[in-house]
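The values are calculated or read from the model by the stated rules, or taken from the named source; none is laboratory data. Predicted model only: the values in this text are computed from it and were never measured. Cβ sites come from the backbone with ideal geometry, for glycine too, and all protein chains shown count toward neighbours. Keep in mind that these areas ignore ligands, DNA and RNA; they rest on the heavy atoms of the full protein, side chains included. Shrake-Rupley method; radii C 1.70, N 1.55, O 1.52, S 1.80 Å.
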Amino acid sequence: MDGGKVTLGRTAGLYAGAAVLRLALFTLFPGLPELLTGRVEISTPVTSFKRLQEGLFLYNHNVSPYDGGVYHQAPLFLPLFSLLPSFASWPIFTYLLYIAVDLLGAAALGKIADSGEAGSSALFQSPRREKRWSGFVIAAVFLFNPFTIATCIGRSTSVFTTCAILHAIAKAVSGAPFSAMVALSFGAYLSMYPLLLLPPLLLLCYDRQRPERAMPSGLRFAATNVCVVVSVLGVLFPMSYLITGSWEFLPATYGVQLTLSDLTPNIGLWWYFFIEMFDSFRSFFLAVFWLHLSCYVGGLTIRIRRQPLVVLTLLLGIFAIFKPYPSISDSSLFLALVPLYRHVFPLMRYTFVIAAIIIYTTFLGPAFYHLWIYAGSGNANFFYAITLVWGLGQSLLVCDLTFAVLRDEWEVERPEMVGKEIRQI
Amino acid sequence: MASSINPLSWLTASRARARALPLFTRAAVAGIVVFWIVGVQKALWDVRAWGALVPDEVGLTSLYRLNTFPFIHLNFFHAVMNILALTPLLERFETEYGTLTALALFFGPFATLPAFIYLFIEKFLLRGNTAVMGASIWVFLLLGIEAMKAYRANPSFKVGPYSIPTWTSPIGILLAMAALVPSSSFLGHLSGLVVGYLCGLGVLKFLAPPEKALRFVEGKLNLMGRLPHYISVDQKKYGRFGVLPSSSSPASAGISMGRGYSSLPAAAWELDGRWPMADGKQTCLTSDQTRLGPLNSGLLRLRRDPRILKVPPYLSLLCILVGVIWLFLLPLDDYSRRTYISENALLPGQVHTYFGGSDQNVFRAYKHETSALAGKTNIEINDGLETIIKGLGLKVSRQNFTYRSAGREYSGENLYAILQAPRGDATEAIVLVGAWENVKGEVNRNGIPLVLTLARYFKRWSLWSKDIIFLVTPDSITGPQAWVDAYHDAHDSARVSSLPLKSGALQGAIAIDYPQEERFESVHVVYDGVNGQLPNLDLINSVVSIAGGQMGMGVSIQEMWQHDDRYPDRLRTMLRGMLKQGLGLASGPHSSFIPYHVDAVTLQPYGVGWQDEMAMGRVIEGTFRSLNNLLEHLHQSFFFYLLMQRERFVSIGTYLPSAMLIAANFTIMAIFLWHQSQIGPPPNTPAVERQLFLPLGLVSLLQSLSVIPLSLFHHAPESALPPLFALFALINLALPPALSALLTARYRPSAQQYHLLQSFSLLLLGMFLSSLATLNFSLALLVGLLACPLSFVRPSRTAAGRVTCYLLLSAVAPTAVAVWVWGLGGWGRR
């Protein structure tokens, strides 16, 4: 699969192919984008394109976009999409924008893969690192992943966050901490949760500093970069204030994610739980759920200190399961980073089971949703059961990848144990 | 860190340890229990006020408090938790140093020293007066000792790149306790821990009573002989560790370790009695296979057993057999249930029906009018009907529709009238449908007059709380479809005109299909919807209960005109129902309603008997009265069921396993083949890298090719369908050999790739079938049964084997079976 020389022509062909495929889906099946935009698996309250259009309409009519409680996305989307020709008459420009964002993300992913950071970081060199896929293959896996394509066709705004995160990592790997921090701040500005990636990203930047302008003191390095993030956000927030004319956007975007005030079903684990809950427990469990989501950051960052990219990957997997409003877009980002660990695939134990679970749930989820919403013969438990299984499949993948990476590290320390069966206790 | 021991082995270990607890530990536990029991009452003697360590109360006369406070606890949970924490630690201490030493230390310095430290800090530094009690002070003291011991053996453990000194671990526990447990005394615990550390460092060695003296006392009193579970001070003679083995082989450990460590994974508990807290990453993460306990190695040995690899094919065969047998068990009394009305609001058959009498004359008049319309065009008929219904004082409206499907055009005009509910607010409605022609093309001679008569009759009553819609359609399939589509605004307004008149949400629909002229005997209830959807079982039950119970006429389902309610008839009914569900065709005017979540049935009178049109009208009146009672949409009873007699059914929970088992057989084989593909031809060469590219590509290519026939069949005109089907049947026959020839010639796939090819195909098949089973059980079961041989196909070496295999497989392929059925049916008709 990694055979053959990756030439410029081949790469261009790949990107052109991905773009043509998306454009064909957009134009040949005019009903498809609308259909996918309406799917709960793709569009969540905080990423839906329909809601974006609603916000855009209000914004263009000089009404606060957050009136009416439908739009929960970052204010800077509004001028961006207002600059494009109107979606109703010229949808092609919106399509092209989404395709371009996908391709940019893939380019960043290719850079990450070609850097070889996954196999040999500054503090750790895997003995298996020779066996890896080139950036070409990994970008292809990302671009032709049905989840990525569906997200792009469904025009979920999470593609922008995905692109920002991938660029942050790519910049960090190539030794440009400032750009990485700026990209991460954009991601955090758009969907908030990327802010949790800051600690491992800082470590990654620190490890991959260019020697000519390296900052040896870790503390100073961290402080400088946190300052960068704070100042970028400090520019973005006032800009948003200027655009919308009030600070209303803070509770309407980040507040909704923090308090889960919109309980539209999605593929995550929160909505059902909070529908069922008595109001008096709500704030407590909100705190618990958020604490749970963020508690992985510290532990993983310390435990896998020697491979910060692994931490980033695992965290993205965990976010795709435990975020308040996850969608298949988050899974596609995680699945895009997993192939970077081609060298530890032989150490993974449940690949087939994981693949089977993910494929099964991909088909059963819509079927059960149909039974619940359209046929009326099922109920919410049907769909929630499938989202649980979906979460199980993804968490199996996260666990298995963690195991494989740790085993890889461990075999370096204990060469006599290579190939022997071990057991986790 | 210590908590990462295997829980199972911990359980057995704790059981064994309880049997061998040494004397002082027993005494301490007993003391705590006794003090707790005494402390249950407060009136006679308040133990807590008497014995707790209260800084202001401690004087020369009440120094006993320094010794009693560890035995006294606040409440039951406090006591239990402390006993659980203290027992293993105290036991270790006692087995190491002997009962007498433990007694001397714990009644002496180990109680008083922490108490003094606590008193000093609390009273003189903090000027507070917080009472403390409980054995947790000893727990921390002992933890401190153990931590120092562990530190000496194993100075640090590693978390990531950081090494953390082991002696700090009790501090973590201390902080966690302070944070998590309410009203725990941080200061008290801390003073215990400090003494523990000092003791562990050896600073407090001078406190221990001289060994010589103890040995003297022991010898004089013959304590060894007199006291049970006594542990001697003399390490050399009766040493606590004398019996422990020095080798670390699990077999000898299992036999000779008398103290209950035997079933612990040896890696977790170091055999020389060291506390496992400190032995680092290897312990916490992994323990290699050679050092496992007996239980786990047994499981592993089973997993490695080559015989277990022979099981899956049999397992999957078993799944198929059980699935099929299960299906045939369903009609038995033990597996099916009697139907019952789940929605209590329905109250079927509980009201008097008054339709009859002079309505008979009205009916005759309408019949005369409508038979004059027979044979005229759709528009003329509707003109005639409209005058009649307008005469009744109902709002009438019409709807034009034109459908183009499979190259043919279906057009017509629906007519409908709305009776506004005298007691309702037009938010809900029930529909009465009469199609001018039924599915067989017969004119609904009695049905249409009955609809008109009922409209006139219903208008007279004031008890309706839901609007009633009377709908007359030119045919049984497209007309109702156009009307329901338009009612829910799901129509293409270029072809189907919108409804000018609407009412509320449809709660139910009853269609009358009554072409028969003479009197009838029974009612046939038709309930199959499009694509295998079914109406709520409560609706069918209501009709059965009203027609069968109240009116005393026969009721049948699935064209079973005779039904003796025994096994063969039940099975036949069920299989007919499944076949209809699997084919998913519309079976009457009601079918179009079900996709919109409107429960609907068609009632067909049949047979020759003494029931007249009025009786049929009463059945409908009773059903409408029941539906009129509904407080909310039918939701209680079942949406997934198989009926095997009018009053007997199986619900989804009972029948779904048979389809799921058949789907599971494919998944099992897929997993099995995936595993097979890992093992190379010679034995014991696992971890072969799989070549996934060719199998994955081929399977996904073939699966995506299925889009072509789907869209072709969807869009081709009706006349082109038979040749198109024949063409695809031929392609189906020709494709496998062509593909396999191409594959072997071009790519020369290895055995592994064949395995993977089959594995992926079966995985997808299993997945599609299990998804389908939730939507249309019967179709999934039929396809699954036909696809069963695919699980067991293996590459054959001989040409004859290949040909036989190919012929057999093509003979039972779904397309081939469709051809067989079609051909046999054709012959049968000739």
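Below is a table of values for the structure above.
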item	result
Only one of B:Asn628, B:Asn665 that is open to solvent by 10 Å² or more (accessible area, probe 1.4 Å), more than 14 Å from chain A (Cβ to nearest Cβ) and of a type outside the set (Lys, Arg)	B:Asn628
Residue match in the stretch A:263-272 (condition: within 22 Å of the chain's Cα centre (by Cα), free of Cβ contacts under 8 Å to residues at least 12 places away in the same chain and within 14 Å of chain B (Cβ to nearest Cβ))	no
Residues of the stretch B:69-104 satisfying the condition of being surrounded by 22 or more Cβ atoms within 10 Å (Cβ to Cβ) and not in a helix (DSSP H, G or I)	B:Ile72, B:His73, B:Gly98
Residue check for A:Arg303: surrounded by fewer than 24 Cβ atoms within 10 Å (Cβ to Cβ) and either within 14 Å of chain B (Cβ to nearest Cβ) or under 25 Å from A:Val101 (Cα atoms) (or both)	yes
Flag if A:Leu316 is in contact with a helix residue (DSSP H, G or I) (Cβ under 6 Å, 6 or more places away or on another chain) and more than 14 Å from chain B (Cβ to nearest Cβ)	yes
Number of positions in the stretch B:518-566 that are of a type in the set (S, T, N, Q), assigned to a helix (DSSP H, G or I) and within 14 Å of chain A (Cβ to nearest Cβ)	1
In the stretch B:539-560, the residues that are within 36 Å of the chain's Cα centre (by Cα) and closer than 20 Å to B:Gly617 by Cα	B:Leu539, B:Ile540, B:Asn541, B:Ser542, B:Val543, B:Val544, B:Ser545, B:Ser556, B:Ile557
Per-region count, the stretch B:37-63, residues within 18 Å of B:Ala111 (Cβ to Cβ), in contact with a helix residue (DSSP H, G or I) (Cβ under 7 Å, 6 or more places away or on another chain) and assigned to a helix (DSSP H, G or I)	3
Filter result (within 14 Å of chain A (Cβ to nearest Cβ), at negative phi and out of contact with any strand residue (DSSP E or B) (no Cβ under 8 Å at 6 or more places or on another chain)) within the stretch B:151-178	B:Val159, B:Pro161, B:Tyr162
The stretch B:464-482 - residue that is out of contact with any helix residue (DSSP H, G or I) (no Cβ under 8 Å at 6 or more places or on another chain) and part of a helix (DSSP H, G or I) and, of those, surrounded by the most Cβ atoms within 10 Å (Cβ to Cβ)	B:Ala482
Unique residue being facing chain B (nearest Cβ under 8 Å) and not hydroxyl-bearing (Ser, Thr, Tyr) when the list is A:Arg342, A:Arg414	A:Arg414
Candidate set from the stretch B:105-156 (those that are of a type in the set (A, V, I, L, M) and outside any helix (DSSP H, G or I)); member that is surrounded by the most Cβ atoms within 10 Å (Cβ to Cβ)	B:Ala135
Filter pass, B:Ala509 being surrounded by 16 or more Cβ atoms within 10 Å (Cβ to Cβ), touching a strand residue (DSSP E or B) at 6+ places or on another chain (Cβ under 9 Å) and over 14 Å from B:Pro589 (Cβ atoms)	no
Per-region count, the stretch B:764-783, residues among the hydrophobic types (A, V, I, L, M, F, W, C), within 10 Å of chain A (Cβ to nearest Cβ) and open to solvent by 10 Å² or more (accessible area, probe 1.4 Å)	4
In the stretch B:641-675, the residues that are out of contact with any helix residue (DSSP H, G or I) (no Cβ under 8 Å at 6 or more places or on another chain) and part of a helix (DSSP H, G or I)	B:Gly653, B:Thr654
Hits in the stretch A:365-401 (condition: within 23 Å of the chain's Cα centre (by Cα), within 11 Å of chain B (Cβ to nearest Cβ) and crowded, with 21+ Cβ neighbours inside 10 Å)	A:Gly365, A:Ile386
Residue in the stretch A:67-79 that is at pLDDT below 90 and more than 29 Å from A:Gly31 (Cβ to Cβ) present	yes
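For every residue, the table says whether it meets (1) at pLDDT below 95; (2) in a helix (DSSP H, G or I); (3) open to solvent by 30 Å² or more (accessible area, probe 1.4 Å); (4) over 14 Å from A:Leu315 (Cβ atoms).
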| position | (1), (2), (3), (4) |
| --- | --- |
| A:Ile165 | no, yes, no, no |
| A:Ile169 | no, yes, no, no |
| A:Gly175 | yes, no, no, yes |
| A:Val182 | no, yes, yes, yes |
| A:Ser185 | no, yes, no, yes |
| A:Leu197 | no, yes, no, no |
| A:Tyr206 | yes, yes, yes, yes |
| A:Gln209 | yes, no, yes, yes |
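Matching residues to (1) under 23 Å from the mean Cα position of the chain (by Cα); (2) hydrophobic (A, V, I, L, M, F, W, C):
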{"position": "A:Thr27", "(1), (2)": "no, no"}
{"position": "A:Arg39", "(1), (2)": "yes, no"}
{"position": "A:Ile42", "(1), (2)": "yes, yes"}
{"position": "A:Phe57", "(1), (2)": "no, yes"}
